[in-house]
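In what follows, a structure is listed as structure tokens, so that the remarks can point back to it.
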Amino acid sequence: MAAGLPDRAQVVVIGGGIIGCSTAYHLARDHKADVVLLEQGRLTGGSTWHAAGLVGQLRSSASITQVLRYSVDLYKRLESETGLATGWRETGCLRLATNEDRWTEFRRQATTAHSFGLDMHLLSPAEARDLWPLLDVDDLVGATLLPSDGQASPSDIAQSLARGARMNGAKLFEGITVTGFETKDGRVTAVLTDAGRIACDKVVLSAGMWSRQIGALAGVSVPLQPVKHQYVVTERMAGLVPGLPTIRDPDRRTYFKEEVGGLVFGGYEPNPVAWLDEVPRKFEFQLFDDDWEHFEQHMDAALARIPALASAGIKQMINGPESFTPDGNFILGETPELRNFFVGAGFNAFGIASAGGAGWVLAEWVMAGEPPMDLWVVDIRRFARFHRDHAWTRARTLEAYGRHYTIAWPLEEYESGRPLFTSPLYGRLKDRGAVFGQKLGWERANWFAAPGSGARDEYSFGRGNWFDAVGAEHRACRERAVIFDQSSFAKFEMAGRDAARALSWIAANHADRRPGRLVYTQMLNARGGIECDLTLSRLAEDRYYIVIGTGFRTHDFDWIARNIPAGLDTRLTDVTEDWSTLVLMGPRAREILAAVTHADVSNAAFPFASLREIPIAGATVRALRITYVGELGWELHVPKAGAAAVFDALMAAGAAHGIAPAGYRAIETLRLEKGYRAWGADITANDNPLEAGLGFAVKLKSDVPFLGRAALEEAAARPLPKRLMAFTVADPGILLAGRETILRDGLPVGYLASAGWGYTVGANIGLGYVRNREGVTEDWLRAGSYALEVATEHVPAEIHFDSLYDPSHARVRA
């Protein structure tokens, strides 16, 4: 055992970069935890020391924006606490737009900033040049300024955090290499090192680009890829003064910051270079050789934007590795493979901006066992088993890197690594003009193009080229019948004599119903927030079938499994690949279904919220009478081998009724009209069912205990601070996309969580929480006058208290 290295700790943090130091600091300061941090070399020696140090705050997620805002607040005050400077300077950040599409994106970002409590200003090209006199602004359409952004010294912040951790009792050790782990009953119990064994309760892996291979030692998948990232530091330049805003010039893929009278500039190229899959453990304070040929594209762009660079001397090129992920978001949280093993890694070159807040929420997560807020976009459980395929992860990560500064189009899809998983209907749908998207590896039909019209997406901030086609699918569902291929649904079975007891505890709604019934329910965390949104179908006294949205497969399986009370006889099994799911919906659905089965599908024999096994085309089908589009219909869960035959039979029987295939974009427009919630957007771990208008799906009136009940009872006893409401804007020239600010009597009271066009109601629809600290009552809601801020413009809006379509639910229960 190395001198001073303890043989036991409450929490072992692996990695002494800025993320590890921040996590150790917050564990020690906020929770008085017994923390040991292990660094294989010296603190900051991996990627932290050579990071560019730009600190931005705005992201598309309110929670992640809050995390980054916390970082800024921490960096402002950290020196006064530890005595070590952080190099923090609140310079603001200029973002430059050179075309109308980028300017539209920026105006939408400005509204998002306002929704999230940040002050972003729109500037003319001349105003941008006034702030940065060396800029060439001849090609600019406009610019934005976020005054509270800034820059900092990454190594100085990390060292200040390390000192703060030590001041609060944490023990930090350098030169210690982790060689393995011990586990018992699915939990980590010890960390093995080249200096000895440390027994522990919990582990936090924050080893940057080494996290993937260290995680593998514990059987944990951490999908990231080190990528070579370059920037240049110049000698002093005339006209550069301290305090200039940092610059992001996304149309030229470059960024700039002033540093000691010189300029730091780099970029995100479309052809990035991956580093090794297995990173050498002894790579400390090292860089790669300069690659001027690869950097030339950024040099040319920088010279065009700041012509004075042509006469500047080059002090140094920095060419170092940074960790990137397949979706451009960092990785936090407890791993699904191993209990009490947490990860904080893959920060996509904004680790400095994220570190303060990421360390804060990760420490809270470690100590409480739940994240303190909705962190789904960075939750490690957003990944799946196929992310262990590093060739796939590398290809998708390089595509994500190349998109770092491209325009974020609404509904844009990734292209690499496709197709990966397809349903048995893939070929049939493709032949019918399907335009596919991908969700958690699955190819899914988003919409169907008319013959000869081009089966591809053409992205736009206006009406996309799919708008009319989706409208036709929407009307087919409302007026006739459609089939959606939703085979990508995650599907689990829970079996065992205590299955009902287990689900009664985990589910907020009544799970203990008779066989043949199904129930829509949420699953809640200890704060009453919504962790899962799903259906439970009781197949038998000791067996349930659980259907979940595609993207939540890992998360929801983990949530259910970890919350089964100890000692119960239950077995949870993932059966996703065993079943295809054909969803038959529309007012003619019963006639079509009756034509392909001898089973009685009348309303009396097969009522809403029930399930039956019925024969179709030689297959025994689990038919679930439920809907997410507000029409009569069934989810038909078919053994995979029979899916094609069942599809063909339904299409043949439906031909006389005008049946049509339809895609996920139509589902979105249909569910918005009905007001059905989407987890991850309208309902999250931040929102409880009472706030979300889902109190009908909670068994508070019973005496049955369930996870989150105490928090809900407390919430029910006081005025609700927010309520999810629907809004419409009639003007078809307006495009709602989500995150538009909700204004009541001219004052911001929330923002839209999701939005789209309602083809039946003929209006833009948005769902969003309206907030009021004194309580959101119906009288207070009705007393207000409403508008939405859309791309910085205020647009009149109407608030709605019921479903916009079929509020009596007569069509669903027909």
Extreme residue, nearest to A508 (Cα to Cα), among residues of the range 711-723 that are in contact (Cβ under 8 Å) with a residue 12 or more places away in the chain and among the aliphatic types (A, V, I, L, M)
L712
Would you please name the residue that is surrounded by the most Cβ atoms within 10 Å (Cβ to Cβ), looking only at residues in the range 236-276 that are part of a loop (DSSP other than H, G, I, E, B) and among the charged types (D, E, K, R)?
E269
Among the candidates Y401, Y426, single out the residue that is under 30 Å from D277 (Cβ atoms) and hydroxyl-bearing (S, T, Y).
Y401
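Can we say H114 is in contact with a Pro (Cβ under 8 Å, 6 or more places away or on another chain), within 24 Å of G462 (Cβ to Cβ) and open to solvent by 30 Å² or more (accessible area, probe 1.4 Å)?
Numbers: in contact with a Pro (Cβ under 8 Å, 6 or more places away or on another chain): yes; within 24 Å of G462 (Cβ to Cβ): yes; open to solvent by 30 Å² or more (accessible area, probe 1.4 Å): yes.
Answer is yes for this residue.
How do the strands (runs of 3 or more DSSP E) wholly within the range 277-386 filter down when requiring 3 or more residues that are under 21 Å from T254 (Cα atoms) and open to solvent by 40 Å² or more (accessible area, probe 1.4 Å): which remain? Lay out the reasoning, then the answer.
Numbers: elements: 314-324, 331-334, 341-345.
Once the strands (runs of 3 or more DSSP E) in the range 277-386 are filtered for at least 3 residues that are under 21 Å from T254 (Cα atoms) and open to solvent by 40 Å² or more (accessible area, probe 1.4 Å), what remains is 314-324.
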Considering every residue within the range 632-644, establish whether at least one is touching a residue at least 40 places away in the same chain (Cβ under 8 Å) and assigned to a loop (DSSP other than H, G, I, E, B).
yes
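Residue-wise test of (1) crowded, with 21+ Cβ neighbours inside 10 Å; (2) touching a helix residue (DSSP H, G or I) at 6+ places or on another chain (Cβ under 9 Å); (3) within 29 Å of A349 (Cβ to Cβ).
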{"site": "L161", "(1), (2), (3)": "yes, yes, yes"}
{"site": "G164", "(1), (2), (3)": "yes, yes, yes"}
{"site": "M167", "(1), (2), (3)": "no, yes, no"}
{"site": "F173", "(1), (2), (3)": "no, no, yes"}
{"site": "E182", "(1), (2), (3)": "no, no, no"}
{"site": "D185", "(1), (2), (3)": "no, no, no"}
{"site": "L192", "(1), (2), (3)": "no, yes, no"}
{"site": "L205", "(1), (2), (3)": "yes, yes, yes"}
In the range 150-157, is there at least one residue being surrounded by fewer than 16 Cβ atoms within 10 Å (Cβ to Cβ) and not in a strand (DSSP E or B)?
no
Taking the range 594-624 only, how many residues are without any contact (Cβ under 8 Å) to a residue 60 or more places away in the chain and over 21 Å from E577 (Cα atoms)?
12
Could you go through the range 754-767 and let me know if any residue there is farther than 24 Å from A681 by Cβ and open to solvent by 10 Å² or more (accessible area, probe 1.4 Å).
no
Residues of the range 785-802 being surrounded by 16 or more Cβ atoms within 10 Å (Cβ to Cβ), free of Cβ contacts under 8 Å to residues at least 60 places away in the same chain and not hydrophobic (A, V, I, L, M, F, W, C), in sequence order, are Y786
Note: among G351, G359, just one is within 19 Å of the chain's Cα centre (by Cα), small (G, A, S) and over 23 Å from I247 (Cα atoms), namely G359
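When the range 400-413 is examined, which residues are found to be assigned to a loop (DSSP other than H, G, I, E, B) and among the hydroxyl-bearing types (S, T, Y)? Show your work before the answer.
Start the filter on the range 400-413 by keeping residues that are assigned to a loop (DSSP other than H, G, I, E, B), which leaves 403-413.
Of everything in the range 400-413, those that are assigned to a loop (DSSP other than H, G, I, E, B) and among the hydroxyl-bearing types (S, T, Y) turn out to be Y405, T406.
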When you check A143 against the structure, is it within 30 Å of T741 (Cα to Cα) and open to solvent by less than 30 Å² (accessible area, probe 1.4 Å), yes or no?
yes
So which residues in the range 78-88 are under 34 Å from the mean Cα position of the chain (by Cα) and under 18 Å from W49 (Cα atoms), if there are any at all?
A85, T86, G87, W88
Hey, G775 within 23 Å of H474 (Cα to Cα), open to solvent by less than 10 Å² (accessible area, probe 1.4 Å) and of a type in the set (G, A, S) or not:
no
Six or more apart or on different chains, Cβ atoms under 6 Å: show the pairs whose first residue is in the range 159-186 and in a loop (DSSP other than H, G, I, E, B) and whose second is open to solvent by 70 Å² or more (accessible area, probe 1.4 Å).
T177/D194
Which residues, taken from the range 403-413, are more than 16 Å from L224 (Cβ to Cβ) and touching a residue at least 60 places away in the same chain (Cβ under 8 Å)?
R403, Y405, T406, I407, A408, P410, L411
For the structure I just gave you, tell me whether T620 is at pLDDT 95 or above, open to solvent by 10 Å² or more (accessible area, probe 1.4 Å), closer than 27 Å to R671 by Cβ and touching a strand residue (DSSP E or B) at 6+ places or on another chain (Cβ under 6 Å).
no
Among the residues of the range 514-529, is any at positive phi and under 26 Å from the mean Cα position of the chain (by Cα)?
yes
Restricting the search to the range 111-150, which residues are in contact with a Lys or Arg (Cβ under 6 Å, 6 or more places away or on another chain) and polar (S, T, N, Q)?
T112, S115, T144
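Could you check how many residues of the range 414-453 are in a loop (DSSP other than H, G, I, E, B) and open to solvent by 20 Å² or more (accessible area, probe 1.4 Å)? Give the steps one after another, and end with the answer.
Initial filter on the range 414-453 (in a loop (DSSP other than H, G, I, E, B)): 414-420, 422-425, 432-433, 440-441, 449-453.
Those still in the list that are open to solvent by 20 Å² or more (accessible area, probe 1.4 Å) too: 414-420, 422, 424, 432, 440, 450-453.
The number of residues fulfilling the criteria is 15.
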Kindly provide the set of residues from the range 462-478 that are modelled with pLDDT under 95 and crowded, with 16+ Cβ neighbours inside 10 Å, ordered by number.
G464
Check every one of the strands (runs of 3 or more DSSP E) wholly within the range 728-796 and list those with 1 or more residues that are under 22 Å from the mean Cα position of the chain (by Cα).
741-744, 747-758, 763-771
Considering each residue of the range 207-220, count those that are more than 23 Å from the chain's Cα centre (by Cα), crowded, with 16+ Cβ neighbours inside 10 Å and part of a loop (DSSP other than H, G, I, E, B), and give that number.
1
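Scan the range 1-14 for residues that are small (G, A, S), at pLDDT 95 or above and open to solvent by 10 Å² or more (accessible area, probe 1.4 Å) and report the count. Don't jump to the end; show me each part of the working.
As a first pass, look at the range 1-14 and keep what is small (G, A, S): 2-4, 9.
Filter once more, keeping what is at pLDDT 95 or above: 9.
So of that shortlist, the ones also open to solvent by 10 Å² or more (accessible area, probe 1.4 Å) come out as none.
Count: 0.
Scan the range 641-654 residue by residue and report those that are open to solvent by 40 Å² or more (accessible area, probe 1.4 Å) and closer than 20 Å to H598 by Cβ. Spell out the reasoning first.
Looking only at the range 641-654, we keep the residues that are open to solvent by 40 Å² or more (accessible area, probe 1.4 Å), and these are 641, 645, 648, 652.
Scanning the range 641-654 gives A645, D648, A652.
The values are calculated or read from the model by the stated rules, or taken from the named source; none is laboratory data. Only a predicted model underlies this, so the values are computations on that prediction, with no experimental measurement involved. FYI the Cβ positions are ideal-geometry reconstructions off the backbone, even for glycines, and counts take in every protein chain you see. With ligands, DNA and RNA removed, areas are computed over all heavy atoms of the protein, side chains included. Shrake-Rupley method; radii C 1.70, N 1.55, O 1.52, S 1.80 Å.
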